[in-house]
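Presented below is the structure to which this report refers.
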Ligand code: TYM
């Protein structure tokens, strides 16, 4: 029997930040460690998605390459035979499948996507493109082309994974079992070993998520930040006037965010971190500990980044892109047959 597929993608519109790392990169690396040999793992760069929000196009190609290196520095073992890395635009079936799926997607369905509504507000009217509007369809193709059941993503992308599941079910009802249906949100959480989806907040505006498409340098920890400067961002993080530490994202989003970051970076259960801090230690003690954790994490990652063997990475990329082109083309051909574009 084919192995079940775990798949995730990270745009290369800019460098990665701590939210990307904790929401998607580290869960994927942990899943690889846990399930080596038992599952297939696809970790790719959806480069076509990268300009759903404005980018510097002259830098995109190199940024994609740089971001692939981060996967490896973060601990992704590219020697594992069941692990595949690739760039979306190098596999044309993604775009073709997106067109077909788009013809089975309602306008209203896309209009309800909260991420679209959020981003549309932040990028401003002049930059609300059709690409931003319908990218969940391209994302569904990314998932369905490889029969992925498991899709670890941060909280902001959960609704899109649910859409991939909905469209797979819809197409299967109409055309027979053409797609593997991704698991529902609850099972995805359990599989990733989480009780709730990860949403890392801005250090400055903790009501908002940490994001690279919003100009918020003081609130965002980029993985390339100087470790000392990043630690200072934590020390200056916005908290509140309650004066007592609690994990309560509604009433105390700033301190809750710091508790959350500490639990993830130290790989400890949230309850253990809460047990040490909640109602006991001061805001400054919490900030200092988080600042140290962030500083050590960045220093370690940046040191590893310097040791990446670029030639090996590029060889792996070429081999995997060829292998994935075959898988994606086979799925696409099946779909082309059932919709009447190719002989059955
Ligand atoms: P993107 O590139 O915006 O983000 C990449 C991953 O990082 C997670 N993330 C966060 N997690 C926690 N807290 C945050 N503040 C935070 N910010 C970002 C995202 O949830 C995501 O997991 N459309 C997707 C990329 C994509 C994809 C796919 C993902 C394209 N095709 C197929 C999975 C499967 C996106 O724009 O993510």
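Coordinate-derived values only; no laboratory data. Remember, predicted model here, so these are calculated numbers, not experimental data. Cβ coordinates were reconstructed from backbone atoms using ideal geometry, including for glycine residues, and neighbour counts include every protein chain displayed.
Under a point spin-label approximation (7 Å from Cα along Cα-to-Cβ), what is the residue 33-residue 59 distance to one decimal in nm?
In this crude label model, residue 33 to residue 59 measures out at 3.1 nm.
Under 20 Å from the 7 Å Cα→Cβ point of residue 246, by amide nitrogen: which residues of region 285-302?
Under 20 Å, as judged by backbone N against the label point of residue 246, lie 285-287 of region 285-302.
Rounded to the nearest 5, what is the percent of antiparallel bridges among the DSSP beta bridges in the chain?
Values: 2 of 14 bridges.
DSSP beta bridges in the chain are roughly 15 percent antiparallel.
For residue 175 and residue 292 in one chain, what is 0.36 nm times their gap in residues minus the Cα-Cα distance, to one decimal in nm?
Numbers: separation 117, 0.36 × 117 = 42.12 nm, distance 5.44 nm.
Between residue 175 and residue 292, full extension yields 36.7 nm more.
Would you list 99, 150 from fewest to most Cβ contacts within 10 Å?
Details: 99 11, 150 22.
Ordered from fewest to most neighbouring Cβ atoms within 10 Å, 99, 150 come out as 99, 150.
In which sequence would 283, 146 go, from the one with the fewest C-beta neighbours within 10 Å to the one with the most?
Numbers: 283 18, 146 21.
Final ranking by Cβ density, sparse to dense: 283, 146.
With a ≥ b ≥ c the root eigenvalues of the C-alpha gyration tensor of the chain, is it rounded (a/c under 1.5), prolate (a/b larger than b/c) or oblate?
Numbers: a/c = 1.79, a/b = 1.57, b/c = 1.14.
Prolate, since a/c reaches 1.5 and a/b exceeds b/c.
Does anyone have the angle between helix 114-123 and the longest principal axis of the chain? Alpha-carbon axes, 0 to 90°, nearest 10?
70
With a/c under 1.5 counting as rounded, go ahead and sort region 227-305 into rounded, prolate or oblate using the C-alpha gyration tensor (a ≥ b ≥ c being the square roots of the eigenvalues; past the cut-off, prolate if a/b is larger than b/c, else oblate). Don't skip to the answer; put the middle values down first.
Details: a/c = 2.32, a/b = 1.60, b/c = 1.45.
Here region 227-305 falls in the prolate category.
Between residue 285 and residue 228, what's the calculated FRET efficiency when r is the beta-carbon distance and R0 is 22 Å? Round to 0.05. Present the calculation step by step, with values, prior to reporting the outcome.
Values: r = 19 Å, r/R0 = 0.88.
Result of the calculation: an efficiency of 0.70.
Cα gyration tensor of region 106-201, axes a ≥ b ≥ c as square roots of the eigenvalues: rounded (a/c below 1.5), prolate (a/b > b/c) or oblate? Don't jump to the answer; show the numbers that get you there.
Numbers: a/c = 2.47, a/b = 1.23, b/c = 2.01.
Oblate shape, in that a/c is at least 1.5 and b/c is the bigger or equal ratio.
What is the chain's relative contact order, in percent, from Cα pairs under 8 angstrom and six or more apart in sequence?
21
If I model a spin label at residue 207 and residue 235 as a point 7 Å from the Cα along the Cα→Cβ vector, what separation in nanometres do I get?
2.9
Would you compute, from DSSP H runs of 4+ residues alone, the mean residue ellipticity of the chain at 222 nm, taking -39500 (n - 2.57) per run and dividing by the full residue count, rounded to the nearest 500? Write down the numbers at each step before the final one.
Numbers: 13 runs with 175 residues, N = 344.
Value at 222 nm, helices only, nearest 500: -16500 deg cm²/dmol.
Listing 189, 97, 113 from the residue with the fewest other Cβ atoms within 10 Å to the one with the most, what is the order?
Sorted ascending by nearby Cβ count, the order is 189, 113, 97.
Using Cα atoms only, what is the angle between the long axis of helix 130-144 and the major principal axis of the chain, expressed in degrees (0 to 90) to the nearest 10?
70
Angle between the Cα long axis of helix 26-35 and the longest principal axis of the chain, 0 to 90 degrees, nearest 10?
The two axes meet at around 60 degrees.
Starting from the Cα of residue 120, step 7 Å toward the Cβ, then list every residue of region 86-111 with an amide N under 13 Å from that point.
From region 86-111, the list is 107-111.
Relative contact order (percent) for region 211-342, with alpha-carbon contacts under 8 angstrom and 6 or more residues of separation? Show your work: numbers first, answer last.
Working: 104 pairs, mean separation 33.3, N = 132.
Computed over region 211-342, the figure is 25 percent.
With the contact rule set at Cα under 8 Å and sequence spacing of 6 or more, what percent relative contact order holds for region 169-225? Walk me through the intermediate numbers first.
Numbers: 35 pairs, mean separation 10.1, N = 57.
About 18 percent, as a whole number.
Using 0.36 nm per residue, how much length does the chain from residue 111 to residue 184 gain when fully extended, once their Cα-Cα distance is taken away?
Numbers: separation 73, 0.36 × 73 = 26.28 nm, distance 2.11 nm.
Separation in residues times 0.36 nm, less the Cα-Cα distance, equals 24.2 nm.
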